[in-house]
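FYI, it's all coordinate maths here, none of it is from the lab. Bear in mind that the values here come from a model prediction, so they are computed numbers and not experimental data. Reconstructed Cβ throughout: ideal geometry from the backbone, glycine too, with neighbour counts over all protein chains shown.
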Amino acid sequence: MALDSARQLAPAPLELPADIDPAEAIAASAYADRIDVRFSSFKDGRGFSLAALLRGYGYDGGLRALGPLLPDQADALLRSGFDAIAGDARPGPERDGRPGAANIYQPDPGSPATRRTALHQRALAARKARAEALAEELDGAAPETILARTLEVYAGRIALLSSFGAEAALGLKLLADADPETPVLFLETHRHFAQTLTYKDTLAAVLGLKDLRVLEPDAGEAAREDADGALYARDGQACCDLRKVRPLARGLEAFDAVITGRKRYHGGERGALKAVEFDGERVKINPLAFLSPDEVAERFKALDLPRHPLTEAGYASIGCWPCTVPASEPGSRDGRWAGENRDECGIFDSAKTARAERAGTVRLI
Ligand code: SF4
């Protein structure tokens with residue numbers, strides 16, 4: 001079997017050198033849903049041929065170009081069948097006696113290099129179909145089952161996003177039991193309750209989380225857009241965009257799938273949550289989607305999970321302090337953005353899928 005059974009049928013990206021024997025590459029591609037082709041130099045034409053060959057043989061998974069590539073090769077790479085380009089951060093070749101720039105290049109989604117192509121559409125359709133098949137397979141399944149299956153499918157390219165709020169400990173505990181090395185992302189908005197920050201550190205230590213990553217707003221953007229620190233009062237959506245949406249977009253660049261703590265009983269758009277969703281950019285995994293408030297409470301008790309200190313004061317859903325008040329009942333999100341006409345901050349934008357499909361774009365990483 002090719003390339004050691006395509007690296008033991010690994011769901012992680014399969015890396016192939018640009019000079020691999022074409023027959024071996026075609027055979028290996030049958031076991032991969034994402035392939036990285038490593039170019040030895042920007043002049044190495046074999047990587048272009050390899051991409052075209054794999055696409056010609058029907059490979060429709062992710063195909064990323066790695067190595068010392070040049071920005072002006074993007075169009076040719078995309079035409080060859082790649083749907084993502086990532087340099088390896090080594091300086092590029094010297095030009096006119098000057099050192100080349102680092103070769104990290106991500107084409108602007110609005111540029112001609114990324115306009116709609118049949119290959120992009122096919123890659124988008126393949127990722128969406130994979131997510132929909134998983135959603136069907138895992139419909140109504142237990143959290144442990146959803147988590148185990150998706151950690152396997154998206155191994156090496158999946159992270160969990162946590163607010164370290166009122167119900168966060170359950171999802172984090174399940175993850176710690178399944179694979180504590182999985183990255184956990186926390187949005188440090190600089191508007192959290194002090195209790196949340198303490199609780200984050202406590203939970204990470206108690207549960208043995210090994211890779212907690214704190215995502216912060218860009219300091220320059222914050223200084224420009226929220227100079228007085230009161231943007232939340234003037235334009236809450238803009239504040240969430242600055243302090244949550246953009247930092248998360250940057251933090252998720254390396255991942256294809258993100259685990260959330262959302263549940264159907266939260267109501268609103270969450271009432272129809274599936275176990276697995278594709279939003280046009282990446283896959284969202286919702287292991288707790290089908291639990292009831294009572295089941296969550298029972299699991300907290302059975303697992304003896306530490307509680308967020310503010311739950312005792314009636315906070316059922318805990319975010320930033322300017323936008324959170326105690327809720328009317330357990331599990332309710334009616335204490336979030338009270339008085340505003342919204343119940344989400346924008347990081348779970350349900351309109352994104354429709355926009356992405358209309359634009360025909362595929363995320364470039
Ligand atoms: Fe700003 Fe409130 Fe959004 Fe936090 S929840 S980022 S304070 S608007």
- Item | Per-residue Cβ neighbour rank within 10 angstrom, fewest leading, 153, 214 | 214, 153
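Using +1 on the beta carbon of Lys and Arg, -1 on that of Asp and Glu, and nothing else charged, what's the dipole of region 33-80 about the Cα centre, debye to 20? Let's see the in-between values first.
Values: 7 positive and 6 negative charges, 22 e Å.
Value, rounded to 20: 100 debye.
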- Task: Using +1 at the Cβ of each Lys and Arg and -1 at the Cβ of each Asp and Glu in region 129-359, identify which of 321, 202, 291 lies farthest towards the dipole's positive end.
- Result: 321
